[in-house]
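So the structure is just underneath, and the comments pick up after that.
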Amino acid sequence: LSGKEHKVITGFCILTPSGKVAHSEAVTTLVRFIKLTGQQIEAYISTGEPYGKAGSYAIQGVGSFMVESISGSYTNVVGLPLCVLIKVLLAVGALRSFPLSENL
């Protein structure tokens with residue numbers, strides 16, 4: 001990923017109580033990394049943070065130093081595109097209200 005851009009894609013599906021699909025969607029976020037040195041990569045690995053992570057980095061943790069830019073949803077990269085998900089849950093009636101939902 002060093003010096004390159006990659007896509008983080010998260011898909012989700014909302015089902016009705018009867019099991020029918022109410023909504024399904026994939027959210028894509030583009031993430032660009034800085035060019036990393038071998039020493040930076042080794043130091044990051046030694047933190048233990050990359051283990052158990054999709055893409056082997058945590059944008060919300062130490063791994064944020066590698067991220068030059070993102071285009072799209074930050075929470076998608078963390079794990080779940082919350083803004084999109086909340087909008088959909090409100091739209092399909094699965095969520096009646098959410099704090100500040102009139103601004104979504």
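Quick one: how many residues across region 72-81 are surrounded by 16 or more Cβ atoms within 10 Å (Cβ to Cβ) and within 30 Å of Ser18 (Cα to Cα)?
Within region 72-81, residues that are surrounded by 16 or more Cβ atoms within 10 Å (Cβ to Cβ) and within 30 Å of Ser18 (Cα to Cα) number 3.
Do we find a residue being surrounded by 14 or more Cβ atoms within 10 Å (Cβ to Cβ), among the hydroxyl-bearing types (Ser, Thr, Tyr), in contact (Cβ under 8 Å) with a residue 24 or more places away in the chain and out of contact with any His (no Cβ under 9 Å at 6 or more places or on another chain) anywhere in region 5-12?
Step one: list which residues in region 5-12 are surrounded by 14 or more Cβ atoms within 10 Å (Cβ to Cβ), which gives 8, 10, 12.
Next, only the ones that are among the hydroxyl-bearing types (Ser, Thr, Tyr) stay: 10.
Adding the requirement that they be in contact (Cβ under 8 Å) with a residue 24 or more places away in the chain leaves 10.
So of that shortlist, the ones also out of contact with any His (no Cβ under 9 Å at 6 or more places or on another chain) come out as 10.
Yes, because at least one residue in region 5-12 is surrounded by 14 or more Cβ atoms within 10 Å (Cβ to Cβ), among the hydroxyl-bearing types (Ser, Thr, Tyr), in contact (Cβ under 8 Å) with a residue 24 or more places away in the chain and out of contact with any His (no Cβ under 9 Å at 6 or more places or on another chain).
Are any of the residues in region 80-97 in a helix (DSSP H, G or I), of a type outside the set (S, T, N, Q), over 16 Å from the mean Cα position of the chain (by Cα) and more than 21 Å from Leu15 (Cβ to Cβ)?
no
In region 88-104, which residues are surrounded by 11 or more Cβ atoms within 10 Å (Cβ to Cβ), of a type in the set (Gly, Ala, Ser) and modelled with pLDDT under 85? Break it down into steps so the answer makes sense when it comes.
The initial filter retains those residues of region 88-104 that are surrounded by 11 or more Cβ atoms within 10 Å (Cβ to Cβ), namely 88-92, 94-95, 98, 101, 104.
In the following step, the residues that additionally are of a type in the set (Gly, Ala, Ser) were identified as 91, 94, 101.
The answer is Ser101, and nothing else.
Would you say Thr75 is under 10 Å from the mean Cα position of the chain (by Cα), part of a strand (DSSP E or B), at negative phi and of a type in the set (Val, Ile, Thr)?
On the way: under 10 Å from the mean Cα position of the chain (by Cα): yes; part of a strand (DSSP E or B): no; at negative phi: yes; of a type in the set (Val, Ile, Thr): yes.
No: the conditions fail for Thr75.
Filter region 53-71 for residues that are surrounded by fewer than 16 Cβ atoms within 10 Å (Cβ to Cβ) and either closer than 19 Å to His23 by Cα or in contact with a Leu (Cβ under 9 Å, 6 or more places away or on another chain) (or both); which is modelled with the lowest pLDDT?
Top of the filtered list is Gly55.
Can you tell me which residue in region 63-93 is farthest from Ile41 (Cα to Cα), limited to those that are touching a residue at least 12 places away in the same chain (Cβ under 8 Å) and of a type in the set (Val, Ile, Thr)?
Across region 63-93, the extreme among qualifying residues is Val92.
Take region 27-72 and flag every residue that is polar (S, T, N, Q), under 27 Å from Phe12 (Cα atoms) and assigned to a loop (DSSP other than H, G, I, E, B). So that I can check it myself, show each step before the final result.
Residues of region 27-72 that are polar (S, T, N, Q), as a first pass: 28-29, 37, 39-40, 46-47, 56, 60, 64, 69, 71.
Remaining after also requiring under 27 Å from Phe12 (Cα atoms): 28-29, 56, 60, 64, 69, 71.
Across region 27-72, the qualifying residue is only Gln60.
The values are calculated or read from the model by the stated rules, or taken from the named source; none is laboratory data. On a predicted model such as this, the values are computed, not experimentally measured, just so you know. Glycine gets a Cβ as well: all are built from the backbone with ideal geometry, and neighbour counts include every protein chain shown.
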